[in-house]
Amino acid sequence: MAGPRPVVMTGPSGAGKSTLLKKLLKEFDGVFGFSVSHTTRKPRPGEENGKDYHYVTRAEMQKSIANGEFIESAEFSGNMYGTSKAAVQAVQARNLICVLDVDMQGVKSIKRTDLNPLYVSVQPPSMDVLEKRLRDRKTESEESLQKRLHAAKVDMEISKEPGLFDAVIINDEVDVAYEILKDALLLEIQKVKVSNKA
Ligand SMILES: Nc1nc2c(ncn2[C@@H]2O[C@H](COP(=O)(O)OP(=O)(O)O)[C@@H](O)[C@H]2O)c(=O)[nH]1
Ligand SMILES: Nc1ncnc2c1ncn2[C@@H]1O[C@H](COP(=O)(O)OP(=O)(O)O)[C@@H](O)[C@H]1O
């Protein structure tokens, strides 16, 4: 049997990716490991360098990309984001299923690599709900919020492309969405449990 596949989570900003991932990483500690991306955006209150992201300057990030240290990188809402080879290797070295949280550009880039992950899209029930959740989160300026809402519209259009994702989860009730996520990942979770027993 082939080993477990990495998991790429994507979807509009505010759809609930982090919320669902945090639940998953907590319940399945020792099964999943998070690929810590690099970003040039500033940390939000409560976020930790090296845990949520590696926070770097644009010059540092550009230098690392030029050095070939990244699997993919993208510009999102005025900041750079990217997955380093080291971030994925750190998780895989621990025999964990590597979970990545990336935007649509990241999905397109990763599809051109040999990572062969499962692609999971998290979508909000509607644009109105998305806007309310983003506003209630209180992490964004009005300008950043508008950029995210614009990117969300584009994301939701592209996401309609058939065959792009292995699973599409509408995050209405969070507990229901989480159960659907676990169902989508059940086979990979089983593979890890079997190989840990061997
Ligand atoms: N391509 C790419 N996108 C990323 C990466 N890390 C995070 N993102 C995406 O960048 C976007 C903004 O993330 P963030 O600033 O944390 O805001 P949030 O999604 O509103 O919580 C989201 O769509 C993330 O999925 C990465 O390494 N590569
Ligand atoms: N099903 C849900 N119902 C209500 N609020 C939610 C739900 N899922 C997430 N949220 C809230 O919506 C906001 C955006 O979720 P978050 O996980 O930060 O999204 P993302 O990581 O996709 O940007 C957060 O404040 C979160 O607590």
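Using helices alone, I'd like the mean residue ellipticity at 222 nm for the chain: each DSSP H run of four-plus residues gives -39500 (n - 2.57), total over residue count, nearest 500.
-14000 deg cm²/dmol, from helical runs alone.
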Selection of trypsin sites (Lys or Arg not before Pro), region 27-123, meeting DSSP coil and at most 14 other Cβ within 10 Å:
51, 94, 111, 112
Charge dipole of the chain about the Cα centre (unit charges at C-beta), most positive-ward option of 169, 158, 106
106
The chain, convex hull of Cα, quarter of hull surface, nm² -> 11.2 nm²
For region 73-115, what are Rg and Dmax over the alpha carbons, in angstrom?
11.3, 35
Under 5 Å between amide hydrogens, which residues at least 5 positions from residue 172 or on another chain qualify, with H placed 1.01 Å from N in the peptide plane?
177
Once the principal axes of the Cα atoms of region 109-198 are found, what is the range along each, listed largest first in whole angstroms?
52, 32, 23
Taking the Cβ of each residue in 38, 54, 150 as the centre, tally the other Cβ atoms inside 10 Å and list the residues starting with the fewest.
150, 54, 38
How large is ³J(HN,Hα), in whole Hz, for each residue of region 13-23 in order, when computed from phi with the Karplus curve 6.51 cos²θ - 1.76 cosθ + 1.60 and θ = phi - 60°, using x for Gly and Pro?
4, x, 6, x, 4, 4, 4, 5, 5, 4, 5
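Under a point-charge model restricted to the Cβ atoms of Lys and Arg (+1) and Asp and Glu (-1), what is the dipole moment magnitude of the chain relative to its Cα centre, in debye to the nearest 20?
Values: 29 positive and 28 negative charges, 92 e Å.
With only Lys, Arg, Asp and Glu charged at Cβ, the dipole is about 440 debye.
Within region 1-94, report the GluC sites (Glu not before Pro) that DSSP leaves as loop and that have at most 15 other Cβ atoms within 10 Å.
Here the sparse-neighbourhood loop sites are 47, 48.
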Return the sequence-ordered ³J(HN,Hα) values of region 161-174 in whole Hz as given by the Karplus equation 6.51 cos²θ - 1.76 cosθ + 1.60 applied to θ = phi - 60°, using x for Gly and Pro.
4, x, x, 5, 10, 7, 8, 10, 10, 8, 8, 9, 7, 4
Phi-based couplings in Hz for region 89-95 (Karplus 6.51, -1.76, 1.60; Gly and Pro marked x)
4, 4, 6, 5, 5, 8, 6
Placing +1 on the Cβ of each Lys and Arg and -1 on the Cβ of each Asp and Glu in the chain, which of 126, 62, 74 has its Cα farthest towards the positive end of the resulting dipole?
62
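Can you tell me, using C-alpha contacts under 8 Å and at least 6 residues apart, the relative contact order of the chain as a whole percent?
Values: 278 pairs, mean separation 64.4, N = 198.
So the answer I get is 33 percent.
Computed from the coordinates by the stated procedures, all read-outs in this text should not be read as laboratory data. Given the structure is predicted, the values throughout are model-derived calculations rather than measurements. Here the Cβ is made from the backbone with ideal geometry for all residues, glycine too, and neighbour counts use every protein chain on show.
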